[in-house]
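*Asks:* Input: one structure, supplied below.
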Amino acid sequence: MYSSVTNWLKDNPIPAFFVLTFLIAWSIWLPLGILAPENILLTLPGAWVPTLSALILIGLSEGQAGAKRFLKKVLHWRVGLQWYLVVLFGVAAVAYLAICMGMLFGVHAPEISLPNGLPSKVLIGYLPVFFLINIFVGGPLAEDIGWRGYILPKMRERMSTLSASLIIGAIWAIWHLPYFIFPEWNSAVGNISFLWFALLTISWSVLFAWVYVNTESILMPVLFHAAINTTLGTLGVLGQANGSLVPLVMNTVFTWIAVGVVIKLFGKDLLHSKVETVSI
């Protein structure tokens, strides 16, 4: 029995990754949501399951040496300067463009919300701290090693990068469903409806894939994800708490416009760059 399961996992890495990622994570989240939904911090181990699933499958097929080679991509930081600008500031640029458009419709610009009532004047000093916390707590490092570093290259062997990223984005969104099922956890997904979350998640999946295939660095989508969580989550720049959907809708529209521009310039493999790389 053990041998047959192991062989199936080795021979079918794509379905195996998705099965493991859902089975293990939801085995943590669903009982926790039913029995102790107020303990949201206990959901964090489930967030690391995509990375765990990737390491399990690499370990089975390539051994310890393969796992070490794979993890080196997380530390690959010597990429073009433009990619750092994209991953660190791109989401903020889109978000504030959405806010400006909302103001044209009479929506007041939302106030930045800092944790624990910290005064806004300390934002600059605490921003790097928030960013680093978001890398390690929650999605970026826990998820993107698996979603972008492992399963995306596997799927690119069978289809275009665009198709793979759209499929991964849809599955990635569905994977988060327990956070919508249990109201106590809604804050972890921005207190927005699943529809808007899915639309944004799928668009981000394409952008993460674009960054990854052009840099071959898992670190880049990790930083991109952390920037999203910091800007839209920790700081709440879309002002969901104000009850207006306009900034959220505008942010979704502009993010998909960015996706369209990337596809137009780079093609379906998201790889044809006309911009020269500036190494750092």
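The values are calculated or read from the model by the stated rules, or taken from the named source; none is laboratory data. Keep in mind it's a predicted model, so treat the numbers as computed, not measured. Glycine gets a Cβ as well: all are built from the backbone with ideal geometry, and neighbour counts include every protein chain shown.
*Asks:* Would you call LEU20 out of contact with any Gly (no Cβ under 6 Å at 6 or more places or on another chain) and surrounded by 17 or more Cβ atoms within 10 Å (Cβ to Cβ)?
*Replies:* Details: out of contact with any Gly (no Cβ under 6 Å at 6 or more places or on another chain): yes; surrounded by 17 or more Cβ atoms within 10 Å (Cβ to Cβ): yes.
Taking the combined requirement at face value, the residue satisfies it.
*Asks:* I would also like to ask the following. Could you grab me the full set of residues in the stretch 157-171 that are outside any loop (DSSP other than H, G, I, E, B), touching a residue at least 24 places away in the same chain (Cβ under 8 Å) and over 19 Å from LEU219 (Cβ atoms)? Reasoning before the result, please.
*Replies:* Initially, the stretch 157-171 is screened for residues outside any loop (DSSP other than H, G, I, E, B), giving 161-171.
Then keep just the ones that are touching a residue at least 24 places away in the same chain (Cβ under 8 Å); that gives 161-166, 168-171.
If the condition is that a residue be outside any loop (DSSP other than H, G, I, E, B), touching a residue at least 24 places away in the same chain (Cβ under 8 Å) and over 19 Å from LEU219 (Cβ atoms), then LEU162, SER163, ALA164, LEU166, GLY169, ALA170, ILE171 are the ones that fit.
*Asks:* Which residues, counting only those in the stretch 16-57, are in a helix (DSSP H, G or I) and among the aromatic types (Phe, Trp, Tyr)? So that I can check it myself, show each step before the final result.
*Replies:* First pass over the stretch 16-57, keeping only residues in a helix (DSSP H, G or I): 16-35, 40-47, 49-57.
Within the stretch 16-57, PHE17, PHE18, PHE22, TRP26, TRP29 meet the criteria.
*Asks:* Hey, another quick one. Mind listing whichever residues of the stretch 143-163 are among the small types (Gly, Ala, Ser) and closer than 26 Å to SER27 by Cβ?
*Replies:* Initial filter on the stretch 143-163 (among the small types (Gly, Ala, Ser)): 146, 149, 160, 163.
Of everything in the stretch 143-163, those that are among the small types (Gly, Ala, Ser) and closer than 26 Å to SER27 by Cβ turn out to be GLY146, GLY149.
Residues are listed down the side, and each one gets a yes or a no for (1) in contact with a Lys or Arg (Cβ under 8 Å, 6 or more places away or on another chain); (2) over 17 Å from THR255 (Cβ atoms); (3) free of Cβ contacts under 8 Å to residues at least 12 places away in the same chain:
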residue: PHE130; (1), (2), (3): no, yes, no
residue: GLU143; (1), (2), (3): no, yes, no
residue: ILE151; (1), (2), (3): no, yes, no
residue: TRP185; (1), (2), (3): no, yes, no
residue: ALA188; (1), (2), (3): no, yes, no
residue: ASN191; (1), (2), (3): no, yes, no
residue: LEU200; (1), (2), (3): no, no, no
residue: SER217; (1), (2), (3): yes, yes, no
residue: ALA227; (1), (2), (3): no, no, no
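*Asks:* Can you name the residue in the stretch 5-25 that is aliphatic (A, V, I, L, M) and at pLDDT below 95 and is also farthest from the chain's Cα centre (by Cα) among such residues? Steps first, answer last, please.
*Replies:* Just the residues of the stretch 5-25 that are aliphatic (A, V, I, L, M), to begin with: 5, 9, 14, 16, 19-20, 23-25.
Now drop any that are not at pLDDT below 95, which leaves 5, 9.
Numbers: VAL5: 30, LEU9: 25 Å.
Top of the filtered list is VAL5.
*Asks:* Considering ILE168, ILE202, which residue is hydrophobic (A, V, I, L, M, F, W, C), under 23 Å from VAL262 (Cβ atoms) and touching a Gly at 6+ places or on another chain (Cβ under 9 Å)? Spell out the reasoning first.
*Replies:* Values: ILE168 fails: touching a Gly at 6+ places or on another chain (Cβ under 9 Å).
Just one listed residue meets the conditions, ILE202.
*Asks:* Got at least one residue in the stretch 95-115 being part of a helix (DSSP H, G or I), under 21 Å from the mean Cα position of the chain (by Cα) and within 25 Å of GLU184 (Cβ to Cβ)?
*Replies:* no
*Asks:* Hey, does the stretch 187-199 have a residue that's β-branched (Val, Ile, Thr), more than 19 Å from PHE131 (Cα to Cα) and modelled with pLDDT under 95? Break it down into steps so the answer makes sense when it comes.
*Replies:* Residues of the stretch 187-199 β-branched (Val, Ile, Thr): 189, 192.
Now narrow it down to the ones that are more than 19 Å from PHE131 (Cα to Cα): 192.
Cutting the leftovers down to modelled with pLDDT under 95 gives us 192.
Within the stretch 187-199, one or more residues are β-branched (Val, Ile, Thr), more than 19 Å from PHE131 (Cα to Cα) and modelled with pLDDT under 95.
*Asks:* Looking at ALA164, ALA173, ALA209 in this structure, which one is surrounded by fewer than 22 Cβ atoms within 10 Å (Cβ to Cβ) and modelled with pLDDT of 95 or more? Break it down stepwise before answering.
*Replies:* Working: ALA164 fails: surrounded by fewer than 22 Cβ atoms within 10 Å (Cβ to Cβ); ALA209 fails: surrounded by fewer than 22 Cβ atoms within 10 Å (Cβ to Cβ).
Step by step, each of ALA164, ALA173, ALA209 is checked, and only ALA173 is surrounded by fewer than 22 Cβ atoms within 10 Å (Cβ to Cβ) and modelled with pLDDT of 95 or more.
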